[in-house]
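Working notes for the structure below.
Since every read-out is calculated from the coordinates, none of them should be taken as a lab result. The shown structure was predicted, so the numbers you read here are calculated from the model rather than taken from an experiment. Ideal geometry is used to build each Cβ from the backbone, glycine not excepted, and the neighbour counts take in all protein chains shown.
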Amino acid sequence: MNILISMRPKQWIKNFVIFAALIFSKNLFALEPFIKTFLGFILLCLLSGAIYIFNDIADRDKDRNHSLKSNRPIASGRLSVKNAIISGSLICLITFLISGLLEPKFLLLTLIYAGVMLGYSFWLKNIVIIDVLIIAMGFLLRAVAGAVLIKVEISVWLFICAFLLALFIALGKRKHEIVLIGTESRKVLSHYSAEILDQLISVTTAAVLVAYILYTVSAKTIAKFQTKWLVLTVPFVLYGIFRYLWLVYQKKLGGTPERTLLVDKPLLIDIIIWIILVIVILI
């Protein structure tokens, strides 16, 4: 149980990004691509969970002085460092073996993802700007993995949107931390300020909206899907981003994006409607 807790199942919602390729390649109802994507999702959950174990190993001394993080299994001593290393390594090994059997290129991406995220856990998360870019890179690798897994080509615009949206969420989390928790919670926060984060969020918000709008009206997109109506999904993307900004700035949420997405009913309903609308338009 302590191993499962350390793997942070609540964070696994991020891995649903792998399904983007399935939806936008119009393969959602094709059995074989769906099964491969679902298996890829499970493998990413296991791998990201193992990375969280190593992250907690790296942060165990600092976590012991934190009011909430001190309750984590490794920081509290309920899970020994030795057992955590063995468990995390075995989970990674199993994930890589199954990934290789599923699709060799998917294995390559899981190896890259593990390398990038381990680099983040032990070093890169302490470098200003790089920390949020690496988080966004993790989402991009998930999206690319989904396309590689079912061997389809996805628009570069879609990958850009995934990267920018993840960057937007990561910056919102930093904003929440620096305003409500203070710079003590993360070493890298001492290099940020509320003002610079506001500017970065503004730039990223505009970028993700423009990128998504350009994707929906692109001649290549219209030709690929044989429809011009994907643009109808733009208002829901606008609302979702504006709603999230409202939650970050007015309700002081955003510290745990995955919880915010699930707890805020208007935002959750908006995302569900967007998904349904995209599926209906692309069928």
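Along the charge dipole of the stretch 155-283, which of 245, 168, 268 sits closest to the positive end, that is, farthest toward it, with unit charges on the beta carbon of Lys, Arg, Asp and Glu (+1, +1, -1, -1)?
Result: 268, furthest along the dipole toward the positive end.
Rg over Rh of the stretch 155-283, using C-alpha atoms and the Kirkwood radius, what does it come to?
With Rh from the inverse mean 1/r over Cα pairs, Rg/Rh is 1.03.
Find how many whole Å separate the alpha carbon centroid of the stretch 188-255 from the alpha carbon centroid of the stretch 135-157.
Value for the Cα centre distance between the two parts: 18 Å.
Suppose R0 equals 30 Å. What FRET efficiency, 1/(1 + (r/R0)^6) with r the Cβ-Cβ distance, do residue 16 and residue 187 give to the nearest 0.05?
Once rounded, the FRET efficiency stands at 0.50.
Give me the tail of P(r) for the stretch 61-128 as a percent: Cα-Cα pairs with distance above 16 Å.
Value for the stretch 61-128: 63 percent of Cα pairs lie more than 16 Å apart.
What's the tally of Lys pairs in the stretch 155-283 whose alpha-carbon atoms lie under 23 angstrom apart, where the two lysines are 8 or more places apart or on different chains?
12
For a label point 7 Å from the Cα of residue 31 along Cα→C-beta, name the residues of the stretch 135-168 whose backbone N is under 20 Å from it.
What the label zone holds, given the 20 Å backbone N cut-off, is 150-151.
To the nearest 20 Debye, how big is the dipole of the chain about its Cα centre, given +1 on the beta carbon of each Lys and Arg and -1 on that of each Asp and Glu?
Values: 29 positive and 15 negative charges, 58 e Å.
It works out to roughly 280 debye.
What shape does the chain take by its C-alpha gyration tensor, where a ≥ b ≥ c are the square roots of the eigenvalues and a/c under 1.5 counts as rounded, a/b above b/c as prolate, and the rest as oblate?
oblate
Based on the Cβ-Cβ distance of residue 258 and residue 180, what FRET efficiency does E = 1/(1 + (r/R0)^6) give at R0 = 25 Å, to the nearest 0.05?
Result of the calculation: an efficiency of 0.90.
Hydropathy first: keep DSSP H helices in the chain averaging at least 1.6 on Kyte-Doolittle, then drop any whose Cα extent along the axis falls short of 20 Å, and list what survives.
Both cut-offs are met by 81-102, 130-149, 265-282.
Between residue 70 and residue 229, what is the spin-label point distance in nm, taking each point 7 Å from the Cα along the Cα→C-beta axis?
5.8 nm
I want to verify a result. In a Gaussian network model of the chain, Cα cutoff 10 Å, which of these has the top mean-square fluctuation: 147, 223, 211?
223
For the chain, set up a GNM with springs between Cα atoms under 10 Å and report which of 251, 14, 175 has the largest fluctuation.
Ranking 251, 14, 175 by mean-square fluctuation puts 251 first.
With +1 on the Cβ of every Lys and Arg and -1 on the Cβ of every Asp and Glu, and nothing else charged, how large is the dipole of the stretch 1-89 about its Cα centre, in debye rounded to the nearest 20?
With Lys and Arg at +1 and Asp and Glu at -1, about 180 debye.
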